[in-house]
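We did not get these values from a lab; they are worked out from the coordinates using the rules stated. All values reported here derive from a predicted model rather than from experimental measurement. With ideal geometry, Cβ positions are generated from the backbone for all residues, glycine too; neighbour counts draw on all protein chains shown.
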Amino acid sequence: MKKIELFFCSLGLWITLGACGNDGEVTKKDLEKPTITTEGVVAEPLNCSQYLQGDTIRLCYVLKDNIELGSYNVEIHNNFDHHSHSTDAGECELDSKKEANSHVWIYNKDFKIPTGSTTFVADERIPIPEHAQAGDYHFMIRFTDKAGHQEIKAVSIKIIEKKD
């Protein structure tokens, strides 16, 4: 009988300790989405921003999470067909619809965030190719926390043809 009591006591202790993290504290489950804010920075790009071919787009937003940050991705693609997934209020003036040519600009890059961070300033410089096809584009930042929750910020930008 003592062996059975000892077994169940050990099992209960094992289950209790299994619910704790490495430091002995109960592990918190991350149920909140991360946020992309402009708090304390001059945010860029903003909806309807315009850039010349060959210029640089500065990305600057604050990424926050209640438990731990993960990574972020920046995607830039054309909006020549006038589709929408902007997360900012307000419409930008669009050029006429058109077909993409061989100089259409597509950008897609993943960025890492230091492990253990709960706040991070995403501050990158993204060069626009000299001969990128001019027109309407979407600039999207996808931010994922360590638990896999995602937040997206999408703005419309325009690439203007550089006159020599």
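Go through the stretch 69-83 residue by residue and turn each phi into a ³J(HN,Hα) via Karplus (6.51, -1.76, 1.60, θ = phi - 60°); whole Hz please, and just put x for glycine and proline.
6, x, 8, 9, 10, 10, 10, 10, 9, 6, 10, 5, 9, 6, 6
Once you wrap a convex hull around the alpha carbon atoms of the stretch 62-164, what is its projected area averaged over all directions, in nm²?
7.7
Find the centroid of the Cα atoms in the stretch 104-164 and in the stretch 27-44, then give the distance between the two in whole Å.
Cα centres, the stretch 104-164 to the stretch 27-44: 17 Å.
Can you give me the long-range amide H partners of Asp55? Hydrogens built in the peptide plane at 1.01 Å from N, cutoff under 5 Å, separation of 5 or more residues or another chain.
For Asp55, whose amide H was placed from the backbone, the distant partners under 5 Å are Ile128.
FRET efficiency for Ser49 and Thr118, Cβ-Cβ distance as r, R0 = 35 Å, nearest 0.05?
FRET efficiency, Ser49 to Thr118: 0.75.
Just to verify a number: FRET efficiency for Asp30 and Thr87, C-beta to C-beta distance, R0 = 30 Å, to 0.05?
Working from the Cβ atoms, E equals 0.85.
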